Amino acid sequence: MGKALEGVRILDFTHVQSGPTCTQLLAWFGADVIKVERPGEGDATRGQLRDIPDVDSLYFTMLNHNKRSITLNTKSPKGKEVLVKLIRHCDVLVENFAPGALDRMGFTWEHIQELNPRMILASIKGFGPGPYVDCKVYENVAQCTGGAASTTGDPDDIPMVTGAQIGDSGTGLHLALGIVTALLHREKSGRGQRVTAAMQDAVLNLCRVKLRDQQRLERTGVLKEYPQYPDIEFGDAVPRAGNASGGGQPGAILKCKGWQKDPNAYIYFITQAAVWADICRVIGEEDWITNPHFATPEARLPHLKMIFARIEEWTKTKTKFEAMDILNAFDIPCGPILSMKEIAEDSSLRDTGTVVQVDHPTRGSYLSVGNPIKLSDSPTEVTRSPLLGEHSSEILELLGYSADEIGIMKNERVV
Ligand code: CAO
């Protein structure tokens, strides 16, 4: 059976991280993704954070699987001619240039629609319309302006960004959904449309529970699930909550056996109301099941610090994996803090294709994250990222250029 997006042609004008994560997903679902890169240098990430001299970086290879690469100077007249043919050939143009760059290249939305009314133009920008619409943006700027940084970190410390790339990869995911939706809509309308995802908006979408809490705070003056309660007065904005879940099921990161030497010997422990009695039995505090100070979720809120300190006395006697096994037997939600090393070596993640080993002609074998979204009839086969301009000739031939014409373009550094 064919891949879900087989036959869909993507003109991939993306670079760095946010856009490439989007087009990589589409490629994994079977779309033909043609990545257009500048002759000579290509996507800047090919040369960034290199661990092997003169070899495409892991940064690039891990974001550009299953794609083809054509080099093209889209600012030269001949390059523009090729780009016009590509726009006519493809279904979707995806880009994450700085604001206005595509227009400056001569390819406004109006012009693209004239060239191909079925074309979907999908863009990532840092901000939507407003005071910052013209700004260039990287990951952490989006985390800071989308509400993630002000709500992440220790209550007494500075705002904190998270290691999860919610600004870049998070926005790429949002854009991919927009593209697939526009493709579906095109089936009915016969026309393409613009799809835009701003990084600030995507981060805010992922932080929507914090906007929930902002309004709860404004109405009640207190957030009882936050570590500030009941000792510290709340200000007028949602504070940083440390590792508290802040939600309906209080949680905390607790030390496990070996924490003195191992920076990841911790477990996340959730005191889900449904299993409170089991938690009390596991830690040896059976009287807490009926004690009015602990018996209900509401009664427990002022005592959460003391409760988690007591549970930690228990978790410190177990490794994080022993604790996980014991707690899981009672359906108590918990999760060991896994290091990247542990994740890389996890056989079940390899079995499902979430962690994959990929071969590359110049770098050799490396590990990558495969497609986290599994389709039963369209499984993902992860293939290596393209070398710079690896498919230039075959794509130009596909567009109708002769070998001689391609040779001239190469000599003139158009490709
Ligand atoms: N041929 C000729 N010119 C090309 C080209 C090609 N194949 N590909 C790109 N260019 C040109 C662009 O047209 C642009 O030219 P002008 O400045 O004259 O218009 C120039 O290259 C630089 O593009 P850029 O401004 O997008 O790149 P940058 O490195 O200066 O900025 C970034 C990078 C990411 C900050 C910016 O692209 C941006 O803000 N993008 C939107 C937000 C985003 O996606 N951020 C995530 C980044 S990390 O994932």
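Some values worked out for this structure:
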{"read-out": "In the range 88-117, residue surrounded by the most Cβ atoms within 10 Å (Cβ to Cβ) [restricted to those that are assigned to a helix (DSSP H, G or I) and in contact with a helix residue (DSSP H, G or I) (Cβ under 7 Å, 6 or more places away or on another chain)]", "value": "I112"}
{"read-out": "Filter pass, K136 being within 15 Å of the ligand (Cβ to nearest atom) and basic (K, R)", "value": "yes"}
{"read-out": "Enumerated strands (runs of 3 or more DSSP E) restricted to the range 1-87, each holding at least 2 residues that are among the hydroxyl-bearing types (S, T, Y)", "value": "67-71"}
{"read-out": "Residue count, the range 385-415 (criterion: more than 12 Å from R68 (Cα to Cα), in contact with a helix residue (DSSP H, G or I) (Cβ under 6 Å, 6 or more places away or on another chain) and either without any contact (Cβ under 8 Å) to a residue 24 or more places away in the chain or of a type in the set (K, R) (or both))", "value": "1"}
{"read-out": "Filtered residues of the range 118-133 (kept if within 7 Å of the ligand (Cβ to nearest atom) and either of a type in the set (K, R) or within 15 Å of T74 (Cβ to Cβ) (or both))", "value": "K125"}
{"read-out": "Helices (runs of 4 or more DSSP H) wholly inside the range 309-384 containing at least 2 residues that are touching a residue at least 24 places away in the same chain (Cβ under 8 Å) and surrounded by fewer than 16 Cβ atoms within 10 Å (Cβ to Cβ)", "value": "320-328"}
{"read-out": "Output for the range 385-402, where each listed residue is part of a loop (DSSP other than H, G, I, E, B), in contact with a strand residue (DSSP E or B) (Cβ under 9 Å, 6 or more places away or on another chain) and not hydroxyl-bearing (S, T, Y)", "value": "P386, L387, L388, G389, E390, H391"}
{"read-out": "Qualifying position, being more than 16 Å from the ligand (Cβ to nearest atom) and in contact with a Cys (Cβ under 9 Å, 6 or more places away or on another chain), among G190, G147, G221, G172", "value": "G147"}
{"read-out": "Residue match in the range 186-206 (condition: touching a residue at least 12 places away in the same chain (Cβ under 8 Å), loosely packed, with under 14 Cβ neighbours inside 10 Å, among the hydrophobic types (A, V, I, L, M, F, W, C) and more than 25 Å from K320 (Cα to Cα))", "value": "no"}
{"read-out": "Some residue of the range 30-45 being within 13 Å of the ligand (Cβ to nearest atom), aliphatic (A, V, I, L, M) and farther than 22 Å from E412 by Cβ", "value": "yes"}
{"read-out": "Unmet requirement for L115, which otherwise passes all of (1) more than 15 Å from the ligand (Cβ to nearest atom); (2) in contact (Cβ under 8 Å) with a residue 40 or more places away in the chain; (3) among the aliphatic types (A, V, I, L, M)", "value": "(2)"}
{"read-out": "Where a residue in the range 155-177 is charged (D, E, K, R) and its partner, wherever it lies, is modelled with pLDDT of 95 or more, with Cβ under 6 Å and at least six apart", "value": "D168/Q17; D168/S18; D168/E139"}
{"read-out": "Exclusive hit being hydroxyl-bearing (S, T, Y), more than 15 Å from H391 (Cβ to Cβ), crowded, with 18+ Cβ neighbours inside 10 Å and within 14 Å of the ligand (Cβ to nearest atom), set T71, T61, T21", "value": "T21"}
{"read-out": "Selection status of T45, of a type outside the set (A, V, I, L, M), within 15 Å of L387 (Cα to Cα) and crowded, with 16+ Cβ neighbours inside 10 Å", "value": "yes"}
{"read-out": "Residue satisfying all of: in the range 74-101; near the ligand (Cβ under 7 Å from one of its atoms) and in contact (Cβ under 8 Å) with a residue 60 or more places away in the chain; nearest to the chain's Cα centre (by Cα) among these", "value": "N96"}
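Conditions (1) surrounded by fewer than 17 Cβ atoms within 10 Å (Cβ to Cβ); (2) more than 19 Å from H303 (Cα to Cα), marked per residue:
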position: V209; (1), (2): yes, yes
position: E218; (1), (2): yes, yes
position: P227; (1), (2): no, no
position: P230; (1), (2): yes, no
position: F234; (1), (2): yes, no
position: A244; (1), (2): no, no
position: Q249; (1), (2): yes, no
position: L254; (1), (2): no, no
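The values are calculated or read from the model by the stated rules, or taken from the named source; none is laboratory data. Note that this is a predicted model, so its numbers are computed, not measured. All Cβ positions, glycine included, derive from the backbone under ideal geometry; neighbour counts span all protein chains shown.
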